[in-house]
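Below you'll find the structure, written out as structure tokens, and then a few comments.
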Amino acid sequence: MTIPHARGPISEGLFRLLAGSPGDDPAAVGTLQDLAAAQLPLVDDIIDDGDMQLSLFCLYELHYGGLDGVTDRWEWNPGLIALRQLLEEPFEQALRDAARPYAGTDCAGADHAGPDQPDSAAGLDSDAVADLLFAIAAQEGGPGMSRHVAKRATLKQLREFLIHKSIYQLKEADPHTWAIPRLHGRAKAALVEIQADEYGGGRPDRMHSTLFARTMRGLGLDDRYGAYVDAVPPVALASVNVMSLFGLNRRLRGAVAGHLAIYEMTSSRPNQLYGNGFRRLGFGAAVTAYFDEHVEADAVHEQIAGRDLAGGLVESEPDLFPDVLFGATAVMAIDARLTQHIMGAWDDGESSLRAAIPAAA
């Protein structure tokens, strides 16, 4: 991925550091850590802070495809790992605070309209875990993006919609794949089954990321991974960073399972509506194949993810039940914030992006 433009002092310092090699200036990483530590108390909302989210996004990217011109020796540099953990701690706490209303209590601990949840996993079988996750998935998270796309979205809005999704969809499945070696038994088998479909069942042309890239090209968009990082708001980066946070920290493997379960449970019907929206404006199968694929696949995946992945994990490791719920409710919270940002801009007749994009060819 091409290094994006900095959004503040931390990302600016990070990119300057990554331009060299780990041994060039041994004190530079410590200086950057000190800068981040000084900046964090000044941040009102880390989920909506562009500097923090972009810095985390690029630190995580070192573990994926890397950054253009940056040596791979930075990936496991102890100083950068420490910097990442410094940013992760308040980000995780903000996610827990944002997710709490979807778990049945608000941030002050008062009763909320969310589904009732047991205090522990004692006595819960995989079906009970899945039923609880389906109840969480059924909550209304905000304005209906899929309904708007199906019935009213303009071509310009459809292009913006794809740009927001591209930050994750062009590497779809990769963040959740980190969890495979961290699970065992029924949960591991379930995750591998889901991921095999995400990666096209052995056919590169059927990989979901490949299908999404074709959709982007159909609307005249750049399908290179990371091409639109500069254009999206911080919450769009946060929605991907939460997956990497869960996937790259073994202690949060329960959150990965809950996150993926909700992703699958809230996918099939919206993707049907998304496909209808593109068909409404005259686009054919080459553009809608990505959405049509998810209508069928995720109707199956939601059961596997809820009962065998998340439910099977809780049956084998009951102590992970709270983290499964955390992962599930974090999806609801972040997706609701991103949807509210996009829909709010559109309702005001404005672009939901930070920067203008060229008109479709």
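A short reminder: the numbers here are calculations on the coordinates, not readings from a lab. Bear in mind the structure is a predicted one, so any value in this text is a computation, not a measurement. Heads up, the Cβs are rebuilt from the backbone with ideal geometry, glycines too, and the neighbour counts pull from every protein chain shown.
Could you estimate the translational diffusion coefficient of the chain from the Stokes-Einstein equation, with Rh from the Kirkwood formula over C-alpha pairs, at 10 °C and 1.306 mPa s, in whole µm²/s? For the chosen part, D equals 76 µm²/s.
Which value, in debye to the nearest 20, describes the size of the charge dipole of the chain about its Cα centre when Lys and Arg Cβ atoms bear +1, Asp and Glu Cβ atoms bear -1, and nothing else is charged?
For this selection, approximately 1120 debye.
Taking 8 Å as the Cα distance limit and 6 or more residues as the minimum spacing, I'd like the relative contact order of the range 126-347 as a percentage. Don't skip to the end; give the middle numbers.
Working: 311 pairs, mean separation 79.9, N = 222.
About 36 percent, as a whole number.
Kindly provide the helix-only [θ] at 222 nm of the chain, computed as the sum of -39,500 (n - 2.57) over DSSP H runs of four or more divided by all residues, to the nearest 500 deg cm²/dmol? List each step's numbers first, then the result.
Working: 16 runs with 212 residues, N = 361.
Roughly -18500 deg cm²/dmol at 222 nm, from the helical runs in the chain.
Along the range 44-50 the Karplus relation, 6.51 cos²θ - 1.76 cosθ + 1.60 evaluated at θ = phi - 60°, assigns HN-Hα couplings of 6, 9, 5, 5, 10, 9, x Hz to successive residues, with x for each Gly and Pro. Less than 5 angstrom separates the built amide H of Leu124 from none of the residues sequence-distant by 5 or more or on a different chain.
Gyration tensor over the Cα atoms of the range 9-102: the corresponding equivalent ellipsoid has semi-axes (square roots of 5 times the eigenvalues, largest first) of 25, 15, 11 Å. Restricting attention to the chain, the count of lysine pairs at 8 or more positions apart or across chains with alpha carbons under 25 Å apart stands at 4.
Projecting the Cα atoms of Pro175, Gln85, His148 onto the charge dipole of the chain, computed from C-beta unit charges around the Cα centre, puts His148 farthest toward the positive end. Here the 3J(HN,Hα) profile of the range 65-82, calculated from phi with Karplus coefficients 6.51, -1.76 and 1.60 at θ = phi - 60°, is x, x, 10, 4, x, 9, 5, 5, 5, 6, 3, 10, 4, x, x, 6, 5, 5 Hz, Gly and Pro shown as x. Each residue of the range 237-244 is assigned a 3J(HN,Hα), and the resulting list reads 5, 4, 5, 8, 4, 5, 5, 5 Hz, derived from the Karplus form 6.51 cos²θ - 1.76 cosθ + 1.60 (θ = phi - 60°), x at Gly and Pro.
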